[in-house]
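K.L.:
Structure incoming, see below.
The values are calculated or read from the model by the stated rules, or taken from the named source; none is laboratory data. Please read all numbers here as calculations on a predicted model, not as lab measurements. All Cβ positions, even for glycine, are placed from backbone atoms using ideal geometry, and neighbour counts span all protein chains on display.
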């Protein structure tokens, strides 16, 4: 009996000591920056990467009119040209001979048609012979026009003012009508072909404003701007994205054809939106959370829903209210029920704040270094 009572007393004493130790366990304290949640104007946007290209109707691709060889090359890649300037000349003898032969055939067909028509009117030959002669005359005229046009195209000339953006002509090399010899583009009228995901493409509409940055990310200020002009109704089989054409309105002088650009498409404007710094977001398994600090300085993790983000902040559409205090910097070092202090002894000393009582006693006990 005495042994049982002694054992029970030991258990009660151990439990009381454990409870007291738990109560006396110091609370975790971290230093972080805390600020109240504020509302601000937020522009909801969709980001995409694309390439600068000449606009349709402002680019010309030229080829040889028939199989031939390159005789002269007047331009180089990147050269600025005016409408009518010669670009590439092909060997002329074959085109000259074809044009003279077609003219001779046309002259003979005209005389034959006149004679046959006169005889048919006189009843000497059947009317069908006159009709056949008229058909042969039509073929001869078509051949003459084709040969004349081929001789004109034997020297390729620029149809527009622009820049040589492609040049495949090599002196003495063969040329074929299916092979593009030279390409001219107007650098003052450009588009940006952006590739959007099908989900983002459904949120974008024609007329939305776009800010363009050089490269594959938004770094620094935008170098050009434009508007969404076309959204493809089909998904590209290679990229599995939706091609979207942006008409560039301003800043074409800072762009080059073929340049990779980052586009930020503004799809909606929101007033009095709850915006928090990106540093305040802590990723979780399913999304993000922020740490809300109460009046006692105790942090509590709270899941939030993000409606959009920029390079500086995120738009919170659920989980926070304006005026609540949250950890804006140092959130990765905070846990639930952690006490958050907004300053440190080092920063307090720099700002001239009085040190704590313990710090005063330590400083007074330290020996003076002065002689």
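K.L.:
Return yes when residue 163 is surrounded by 14 or more Cβ atoms within 10 Å (Cβ to Cβ), not in a helix (DSSP H, G or I) and not assigned by TED's automatic domain parsing to the domain that holds residue 76 and no when it is not.
P.N.:
no
K.L.:
Going by the conditions given, is residue 184 modelled with pLDDT of 95 or more and either within 24 Å of residue 78 (Cβ to Cβ) or in contact with a strand residue (DSSP E or B) (Cβ under 8 Å, 6 or more places away or on another chain) (or both)?
P.N.:
So residue 184 fits the description; yes.
K.L.:
Filter region 55-67 down to the residues that are part of a strand (DSSP E or B) and surrounded by fewer than 14 Cβ atoms within 10 Å (Cβ to Cβ) and list them by number.
P.N.:
Scanning region 55-67 gives a single hit, 61.
K.L.:
If only one of 242, 261 is touching a helix residue (DSSP H, G or I) at 6+ places or on another chain (Cβ under 6 Å) and at pLDDT 90 or above, which one is it?
P.N.:
Checking each option against the conditions leaves just 242.
K.L.:
Among the strands (runs of 3 or more DSSP E) contained in region 207-296, which hold 1 or more residues that are outside the structural domain of residue 339 (by TED's automatic domain parsing) and under 22 Å from the mean Cα position of the chain (by Cα)?
P.N.:
Values: elements: 209-214, 224-231, 242-250, 260-277, 288-293.
Those strands (runs of 3 or more DSSP E) span 209-214, 224-231, 242-250, 260-277.
K.L.:
If only one of 46, 52, 70, 30 is modelled with pLDDT under 85 and assigned to a strand (DSSP E or B), which one is it?
P.N.:
The unique qualifying residue is 30.
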